[in-house]
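Peer 1: Quick one: the structure is below, questions incoming.
The values are calculated or read from the model by the stated rules, or taken from the named source; none is laboratory data. From a predicted model like this one, the values you see are computed outputs, not experimental measurements. Note: ideal-geometry Cβ built from the backbone for every residue, glycine included; neighbour counts use all protein chains shown. Protein only, heavy atoms only, side chains kept; ligands, DNA and RNA dropped before computing areas. Shrake-Rupley method; radii C 1.70, N 1.55, O 1.52, S 1.80 Å.
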Amino acid sequence: ETLSSSMLDAQGFESLYKMRRSTFSYVCSLVRVPFLEDMMARDHTFFDGRVLSLQDRVAVALRMLNSGESPVTIGSSLGVDESTLSLVTQVFLKAMWERAMHHCSWPGSAKMQKLKCKFDKIHGLPNCCGVLHTAHITVGSTNCDGKENDGILVQAIVDAVMRFTDIWWNLTGSMNKSNILRDSELLEKCENGAWLNGSMLRLSDGSDVGEYIIGNAGYTLRPWLLTPYQLENDLSLSDSKAEFNRRHTAATVVTLRALARLKDTWKCLQGEGWHPSNKDEMCDTIGTCCALHNIVIDMEEEGAGMPSHQRENYIRQVRQVADEDAVRMRDILSQHLIESGGKSTQLLMCLFARKLCLFNSCCDSVLLLG
């Protein structure tokens, strides 16, 4: 009998491992080869001498990442010593990093089109491809040397259903969001036209709006990164600018909900339980938890089954954009939003109010964010 096949009903299994049995089986299939190689090199056993199976090892690693309890407590409950817990978890993290990070990769054109439709339907932002957010994450309050972890600054893009479509980090944990964006793959890919290069949105006045993501006022306005309007000289915003800001604010709530859910599910990201031995392992831990977060959404909430492993190559002529293009694009979009208002505006305000209620209900979790 394995840990994952013990006498647990479906609800008990999901409570313990934070996923359904079918999803658990898929995760096992992802890490199967690296774990089998490790099993050939060394046997890990329970206190009673039984050898840990592939399923046992995955179960052990998931408990280490999601419980928030100390290795001593987890080992006692599972019948495994601390050394085994640590070694198995390290193999799992490395295997997930090598074989599961496509679950956090930038969407291909077909998937991006569906993503854009959801953003438009839920938040009333046509041609929007995600929300950019930066948070400070600490994995384990101390490292293996007993020194306090200073954590990692993580930059993430979140889609309309709380999936992470891109993650980037700074190992020092001290840079601000503008600096981490400047050094990230996101800036490079978007500036040279490799990302956000899909279909344009043709507006009623004949203007075109390209694909874009949104971010808060802490980021610099760019043609592909739209930030909210700021008050100038204490003057009130025009109706179109105020409407853009309302929809922008409602959409950015998705990042707080996604990060709150990520940390609440994988409690090691709250600085509890699992202590990585170094910065690289800390990055592996964050990446693994984000991949697991996406896998659960894809397989259990989106009804999409197993996501495609294929990544598309974007081949597009490099485009040069100036700062005024970003201002023009945001102005055009905001004017389009107010002109296409009416009943849709009332509906969006109702949706916004509902999302604020949801946001307030998870304030305690949001306070955990860096």
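Peer 1: In this structure, is Thr345 modelled with pLDDT of 50 or more, in the same structural domain as Ala194 (by the TED database) and among the polar types (S, T, N, Q)?
Peer 2: Considered against the rule, which asks whether it is modelled with pLDDT of 50 or more, in the same structural domain as Ala194 (by the TED database) and among the polar types (S, T, N, Q), Thr345 comes out as no.
Peer 1: Touching a strand residue (DSSP E or B) at 6+ places or on another chain (Cβ under 7 Å) and either assigned to a helix (DSSP H, G or I) or modelled with pLDDT of 95 or more (or both): does that describe Trp106?
Peer 2: yes
Peer 1: Between a first residue in region 19-48 that is under 17 Å from Leu78 (Cβ atoms) and at pLDDT below 95 and a second residue that is of a type in the set (S, T, N, Q) and open to solvent by less than 20 Å² (accessible area, probe 1.4 Å), which pairs have beta carbons less than 8 Å apart while being 6 or more apart in sequence or on different chains?
Peer 2: Pairs that qualify, where the first residue is under 17 Å from Leu78 (Cβ atoms) and at pLDDT below 95 and the partner is of a type in the set (S, T, N, Q) and open to solvent by less than 20 Å² (accessible area, probe 1.4 Å), are His44/Thr84; Thr45/Thr84.
Peer 1: Hey, could you check region 56-77 for residues that are over 23 Å from the mean Cα position of the chain (by Cα) and charged (D, E, K, R) and say which is surrounded by the most Cβ atoms within 10 Å (Cβ to Cβ)?
Peer 2: Checking each candidate, the answer is Arg57.
Peer 1: In addition: Would you point out the residue of region 228-275, among those that are touching a helix residue (DSSP H, G or I) at 6+ places or on another chain (Cβ under 6 Å) and acidic (Asp, Glu), that is most open to solvent (accessible area, probe 1.4 Å)?
Peer 2: Among them, the one singled out is Asp239.
Peer 1: Quick one: how many residues across region 186-220 are closer than 16 Å to Thr134 by Cβ, open to solvent by 20 Å² or more (accessible area, probe 1.4 Å) and either touching a residue at least 60 places away in the same chain (Cβ under 8 Å) or not in a helix (DSSP H, G or I) (or both)?
Peer 2: Residues in region 186-220 being closer than 16 Å to Thr134 by Cβ, open to solvent by 20 Å² or more (accessible area, probe 1.4 Å) and either touching a residue at least 60 places away in the same chain (Cβ under 8 Å) or not in a helix (DSSP H, G or I) (or both): 4 in total.
Peer 1: Need pairs with beta-carbon distance below 9 Å; first residue farther than 14 Å from Tyr212 by Cβ and within region 103-122, second surrounded by 15 or more Cβ atoms within 10 Å (Cβ to Cβ) and aromatic (Phe, Trp, Tyr); sequence gap 6+ or separate chains.
Peer 2: His103/Phe164; Cys104/Phe164; Trp106/Trp195; Trp106/Tyr314; Gly108/Tyr314; Ser109/Tyr314
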